[in-house]
Amino acid sequence: MERYDPIRIEEKWQQKWETEKPYQVEDVPTGTKAKLPKKMIAEMFPYPSGAGLHVGHVRNFTIVDVLTRFYVQQGMNVMRPFGYDTFGLPAENYAIKTGTSPKEATAINIANFRKQAKRLGYAIDWDREINTSSPEYYKWTQWCFLQLYKKGLAYRKESYQWWCPVDQTVLANEQVEDGKCWRCGHEVEKKKMKQWFFKITEYADELLDEIDALDWPEKIKTMQKNWIGKSVGAEIEFDIVNGTKLTVFTTRPDTIKGATFLVVAPEYTGLKYIVTDDTREEVEKYCAEALKKSEVERQENKEKTGVFTGSYAVNPATKEKIPIWVADYVLAGYGTGAIMGVPAMDERDREFAEKMNLPVVEVELVDFGQYGTPKTTYKMRDWLISRQRYWGCPIPIVYDAEGNPHPIPEEQLPVIIPEVEDYQPDSSGRSALAKAKDWLKVEIPVKDAKTGETHMETMTRETDTLDGYACSSWYLWRYASPHDTEAAWDAEAIKYWEPVDIYVGADHAVAHLLYVRFWCKFFADMGFLPFREPIKKLIYHGYINAPDGKKMSKSKGNVIDPLDVINDGYGADTLRTYEMFIGPVELDAAWNPRSVGGVYRFLNRCFNLCFQNEKTAKADDNATVRNKTIKKVTEDIYKCNFNTAVAALMEYVNELYKVVVSREDLVVLAKLLKPFAPHLASEMLEKLEATDEWPEWDEKYLVEDTVELVVQVNGKLRANIAIEASELDDEKSLLEKVLKDEKIQKYVKDGYKKTIFVKKAKLVNIVV
RNA sequence: GCCCGAGUGGCGGAAUUGGUAUACGCGUUCGACUUAAAAUCGAAUGGGAAACCAUAUGGGUUCAAGUCCCAUCUCGGGCACCA
């Protein structure tokens, strides 16, 4: 037997697919295509790094590809697009280091990614490629921003923000992990800055309410629910003895009688009206220190600290005078930034009270209606989108001489990223865009409020760029009409193709997957989208680790390069099939080079069955195993059990090796194999002169004439008896037969208590 | 600390949802082909001489438990002063 040569076969088919474009679809399908059921299947588009594809990408893309080919073979109209998420820090940091412009570096990386993806034989519609850093694309990202701006959902606010001193940019909450920057790992700081936000909180309730209905992994749904963090409670207004007022939020307003003190956060805006002259110095010192503390320090040391403000408030329920404190265990960004301390009820308040010697009184629950108003709050904050970086989508805003923001008129879009010499952000906290002096000034038409006449005014551009997540919040809709010059997406194309049927990824549980839902709801409200949830089904797959089980990383030198696997002679089909066989799709898996060889042997056996086999049988001879395999593989792919689908194919091939195969046996093998190993399967189908139409199983072949009856005594297996399938219908005579069986006789010679017959399991259990 | 998820051969993992535990693959051993090796093909492979014993540990429910219930241990993930 020969070894098959995947490299030759794969080259042949990849060339064919390149010229014939069998996976190309129309924006708005016409003719018979328009009547077909559709599937839109996509992966979370990759950031094309200089290192090229890694095995994780291959797992990600291959899952999408298996599903795409599966549905195509079933005769559906399937869109499987591809794109590149190209804005971001790595390209910019590379530019700072080498002077190569991010634009150039990105172009090189995309070309490499595309070449590698083509080498894996994916059923991509290559005319549907998008790139978030191309002006044709980001023009519409800016348009999206303007829509949000018009509705007041993009706004500017001065507040304390996470600041990474290394990357010199602010970060969203989602981009701070364990108090550290998600990109460089440096500890983040708090910095007071005027920044742009998207008002995602406007949709908090809907984002929460509609999540349960989604066909997404429970894990991701729970993470999003926790992130949104809805709390139902009340706001209660306390009179301060000096005549002002202070409002707290609580989920337990009924415990108000137990409130023996109030606490405000160090960043609390009304603090200056509360502090008395004799405590001012001490309070200011405390607040300054609290702000300086990094998030890591705050997390590591949860010891309660705080100082008395000198002021008192009146508990409206007890009329007691209670002290107002400032402490950093109260968070400024949540609720009102102020709480009532109920030490008898709340563990944190008790800890604080004990430390500060504040009174603890028994709580007597009351109806709070007369003291407060019902209020719901969320842990989720508005989405901070300003980035002080060069390589991002410019925010389409200009400022007049007074510093007031104005939107760029839509006809002036896109705001093109200017070329600069030096990509280093400046120390003032502004991106390198600020260095493009000519670009900064722009003539903007302004309508005079009194005369109604329009005149041109010179304004200054915003130098912040958008968080990359903004670019990926709408790309799934761009796929439907990627070359549209008139709109971000075409309404007709969207109506046919979207929402996305299956979305495949391994990251971004709360960030991207929440943002894309938020934008969907917003654009649905604007009348631009005919649905409110962008993704019907989400497949969240595991990572592939190094053979030792550790994360692959360059520094550890344990990275497996998928292109090496291909070029070692295994080929793309082996790589793809191996990664589907590696384990359950949702679990992490460790790379096993030997197992790759096992999958190669399997494909080699498929090849030999088809090309080295002279003898053929009648199509009916192996009908049972053939139909069983069709059923198993079909159902497994529906359930995304790719590992057991491949195992079923292996079993089928093992069976076929034992018998004389028919042409039909081979056709079915090739058809079922095609989603996993499309090149080899295509080669087989060509020789067999068959189409790739997905086969159906016939139930009549699944019923076997003779079956094995399982006989247990007290639940323990004691015998397997071959019987006619029809014997299962007559329990009485079957039992007689079983009791006469010589293996069973010795167990029942002293009689038995009862028997249990389970027809479905072909099982008899005798209780003695 | 709180909330999920998972513990099955030497290894990755199967198991129709309560019904023959260990499918499939790797590894290992033996055999065939070969001057030889590789490749390929075939056979065996949880432990034990056997009765039996094995799905993290200990109990329970059931004719029957990897699967259900209770407790414990270990690992992974998420959240973490959100009032």
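The values are calculated or read from the model by the stated rules, or taken from the named source; none is laboratory data. Bear in mind the structure is a predicted one, so any value in this text is a computation, not a measurement. Because the Cβ atoms are built from the backbone with ideal geometry, glycine has one as well, and the counts that use them run over all protein chains shown. Only protein heavy atoms, including side chains, enter the accessible area calculation; ligands, DNA and RNA are left aside. Shrake-Rupley method; radii C 1.70, N 1.55, O 1.52, S 1.80 Å.
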Yes or no: A:Ile766 surrounded by 13 or more Cβ atoms within 10 Å (Cβ to Cβ), assigned to a strand (DSSP E or B), in contact with a Ser or Thr (Cβ under 6 Å, 6 or more places away or on another chain) and not basic (Lys, Arg)?
-> yes
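Considering only residues that are acidic (Asp, Glu) and either open to solvent by 90 Å² or more (accessible area, probe 1.4 Å) or not in a helix (DSSP H, G or I) (or both), which ones fall in segment A:611-635? Quick ask: steps written out before the conclusion?
Step one: list which residues in segment A:611-635 are acidic (Asp, Glu), which gives A:614, A:620-621, A:635.
Passing the criteria: A:Glu614, A:Asp620, A:Asp621.
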Residue satisfying all of: in segment A:658-694; within 16 Å of RNA strand B (Cβ to nearest atom) and farther than 11 Å from A:Cys610 by Cα; most open to solvent (accessible area, probe 1.4 Å) among these | A:Lys658
Picking from A:Ala332, A:Ala344, A:Ala327, A:Ala353, the residue that is touching a strand residue (DSSP E or B) at 6+ places or on another chain (Cβ under 6 Å) and among the small types (Gly, Ala, Ser) would be A:Ala327
By residue number, the members of segment A:640-657 that are within 34 Å of the chain's Cα centre (by Cα) and either more than 10 Å from RNA strand B (Cβ to nearest atom) or of a type in the set (A, V, I, L, M) (or both) are A:Cys640, A:Ala645, A:Val646, A:Ala647, A:Ala648, A:Leu649, A:Met650
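Considering only segment A:545-564, I want to know if a residue exists there that is open to solvent by less than 60 Å² (accessible area, probe 1.4 Å) and under 21 Å from A:Leu649 (Cβ atoms). Spell out the reasoning first.
So the first thing to find is which residues in segment A:545-564 are open to solvent by less than 60 Å² (accessible area, probe 1.4 Å), and the list is A:545-546, A:549, A:552-553, A:558, A:560-563.
Restricting the remaining residues to those that are under 21 Å from A:Leu649 (Cβ atoms) gives none.
The answer is no, given that none of the residues of segment A:545-564 is open to solvent by less than 60 Å² (accessible area, probe 1.4 Å) and under 21 Å from A:Leu649 (Cβ atoms).
Hey, can you tell me all the residues within segment A:202-243 that are within 8 Å of RNA strand B (Cβ to nearest atom), within 16 Å of the chain's Cα centre (by Cα) and closer than 16 Å to A:Arg381 by Cα? Please lay out each step first, then the result.
Step one: filter segment A:202-243 for residues within 8 Å of RNA strand B (Cβ to nearest atom), giving A:218-219, A:222-223, A:226-227, A:229, A:231, A:233.
Right, trim to within 16 Å of the chain's Cα centre (by Cα) and you get A:218-219, A:222-223, A:226-227.
Hits for segment A:202-243 are A:Met223, A:Asn226, A:Trp227.
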Counting only residues that are touching a strand residue (DSSP E or B) at 6+ places or on another chain (Cβ under 7 Å) and under 19 Å from A:His508 (Cβ atoms), segment A:56-71 contains a total of 6
If you go through segment A:16-33 one residue at a time, do you hit one that is in contact with a Lys or Arg (Cβ under 7 Å, 6 or more places away or on another chain) and closer than 29 Å to A:Ala509 by Cα?
-> no
Condition check for A:Glu362: out of contact with any Cys (no Cβ under 9 Å at 6 or more places or on another chain), within 13 Å of RNA strand B (Cβ to nearest atom) and either open to solvent by 20 Å² or more (accessible area, probe 1.4 Å) or not in a strand (DSSP E or B) (or both) = no
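Hey, could you check segment A:244-290 for residues that are part of a helix (DSSP H, G or I), more than 15 Å from RNA strand B (Cβ to nearest atom) and of a type outside the set (D, E, K, R) and say which is farthest from A:Phe352 (Cα to Cα)?
Of the residues in segment A:244-290, the ones part of a helix (DSSP H, G or I) are A:253-258, A:271-274, A:277-290.
Filter again for more than 15 Å from RNA strand B (Cβ to nearest atom), leaving A:272-274, A:277-285, A:288.
If we keep only those that are of a type outside the set (D, E, K, R) as well, we get A:273-274, A:279, A:283, A:288.
Numbers: A:Tyr273: 23, A:Ile274: 20, A:Thr279: 19, A:Val283: 17, A:Ala288: 20 Å.
Looking at the filtered set, the residue picked out is A:Tyr273.
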Give me the pairs: first residue in segment A:636-660 and in contact (Cβ under 8 Å) with a residue 24 or more places away in the chain and part of a loop (DSSP other than H, G, I, E, B), second residue acidic (Asp, Glu) and more than 6 Å from RNA strand B (Cβ to nearest atom), beta-carbon distance under 9 Å, and six or more apart or on different chains, which are they?
-> A:Cys640/A:Glu586; A:Asn641/A:Glu635; A:Val659/A:Asp621; A:Val659/A:Asp665; A:Val660/A:Asp621
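I need the helices (runs of 4 or more DSSP H) fully contained in segment A:25-137, keeping only those with at least 3 residues that are of a type in the set (Lys, Arg) and within 30 Å of A:Leu672 (Cβ to Cβ). Outline the logic, then answer.
Working: elements: A:55-73, A:89-98, A:102-119.
Ranges flagged: A:102-119.
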In segment A:148-181, residues that are open to solvent by 70 Å² or more (accessible area, probe 1.4 Å) and within 16 Å of RNA strand B (Cβ to nearest atom) total 4
Scanning segment A:298-341 for residues that are among the aliphatic types (A, V, I, L, M), part of a loop (DSSP other than H, G, I, E, B) and either away from RNA strand B (no atom under 16 Å from the Cβ) or open to solvent by less than 40 Å² (accessible area, probe 1.4 Å) (or both) gives A:Ala317, A:Ala327, A:Val330
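Checking the conditions here, which among A:Ala493, A:Ala509, A:Ala487, A:Ala524 is modelled with pLDDT of 90 or more, under 30 Å from A:Leu466 (Cα atoms) and in a loop (DSSP other than H, G, I, E, B)?
On the way: A:Ala493 fails: in a loop (DSSP other than H, G, I, E, B); A:Ala509 fails: modelled with pLDDT of 90 or more; A:Ala524 fails: in a loop (DSSP other than H, G, I, E, B).
Only one candidate qualifies: A:Ala487.
Is it the case that A:Val653 is touching a helix residue (DSSP H, G or I) at 6+ places or on another chain (Cβ under 7 Å), of a type in the set (Val, Ile, Thr) and open to solvent by 10 Å² or more (accessible area, probe 1.4 Å)?
Numbers: touching a helix residue (DSSP H, G or I) at 6+ places or on another chain (Cβ under 7 Å): yes; of a type in the set (Val, Ile, Thr): yes; open to solvent by 10 Å² or more (accessible area, probe 1.4 Å): no.
For A:Val653, the condition - touching a helix residue (DSSP H, G or I) at 6+ places or on another chain (Cβ under 7 Å), of a type in the set (Val, Ile, Thr) and open to solvent by 10 Å² or more (accessible area, probe 1.4 Å) - is not met.
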Scanning segment A:41-67 residue by residue, those open to solvent by less than 10 Å² (accessible area, probe 1.4 Å) and of a type in the set (Gly, Ala, Ser) turn out to be A:Ala42, A:Gly52
Working only within segment A:544-586, note down all residues that are within 11 Å of RNA strand B (Cβ to nearest atom) and within 15 Å of A:His57 (Cα to Cα).
-> A:Ile544, A:Asn545, A:Lys551, A:Thr577, A:Tyr578, A:Ile582, A:Val585, A:Glu586
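For every residue, the table says whether it meets (1) within 20 Å of A:Asp85 (Cα to Cα); (2) of a type outside the set (Ser, Thr, Tyr); (3) at pLDDT below 90.
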site: A:Arg381; (1), (2), (3): no, yes, yes
site: A:Asp400; (1), (2), (3): no, yes, no
site: A:Leu413; (1), (2), (3): no, yes, no
site: A:Ile416; (1), (2), (3): yes, yes, no
site: A:Glu421; (1), (2), (3): no, yes, yes
site: A:Pro425; (1), (2), (3): no, yes, yes
site: A:Ala436; (1), (2), (3): no, yes, no
site: A:Ile444; (1), (2), (3): no, yes, no
site: A:Gly452; (1), (2), (3): no, yes, yes
Enumeration of residues in segment A:436-459 that are without any contact (Cβ under 8 Å) to a residue 40 or more places away in the chain and under 16 Å from A:Val398 (Cα atoms) = A:Ala436, A:Lys437, A:Asp438, A:Trp439, A:Leu440, A:Lys441, A:Glu443, A:Pro445, A:Lys447, A:His455, A:Met456, A:Thr458
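With A:Tyr469, A:Tyr496, A:Tyr503, A:Tyr479 as the choices, which residue is touching a residue at least 60 places away in the same chain (Cβ under 8 Å), buried (at least 24 other Cβ atoms within 10 Å of the Cβ) and aromatic (Phe, Trp, Tyr)?
Details: A:Tyr469 fails: buried (at least 24 other Cβ atoms within 10 Å of the Cβ); A:Tyr496 fails: buried (at least 24 other Cβ atoms within 10 Å of the Cβ); A:Tyr503 fails: buried (at least 24 other Cβ atoms within 10 Å of the Cβ).
Unique residue meeting the criteria: A:Tyr479.
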A:Phe642, sole failed condition from (1) open to solvent by less than 50 Å² (accessible area, probe 1.4 Å); (2) under 21 Å from A:Ile9 (Cα atoms) = (2)
Criterion violated by A:Glu354 - all others in (1) open to solvent by 80 Å² or more (accessible area, probe 1.4 Å); (2) in a loop (DSSP other than H, G, I, E, B); (3) over 23 Å from A:Leu246 (Cβ atoms) satisfied | (2)
Would you please list the contacts, defined by Cβ atoms under 6 Å and residues six or more apart or on different chains, that run from a residue in segment A:251-262 that is within 12 Å of A:Asp346 (Cα to Cα) to a residue that is within 11 Å of RNA strand B (Cβ to nearest atom)?
-> A:Thr251/A:Ser231; A:Thr251/A:Gly233; A:Thr255/A:Val342; A:Thr255/A:Met345; A:Gly258/A:Val342; A:Gly258/A:Met345; A:Ala259/A:Met340; A:Ala259/A:Val342
Note on A:Ala111: of the conditions (1) of a type in the set (A, V, I, L, M, F, W, C); (2) at pLDDT 95 or above; (3) closer than 27 Å to A:Pro499 by Cα, unmet is (3)
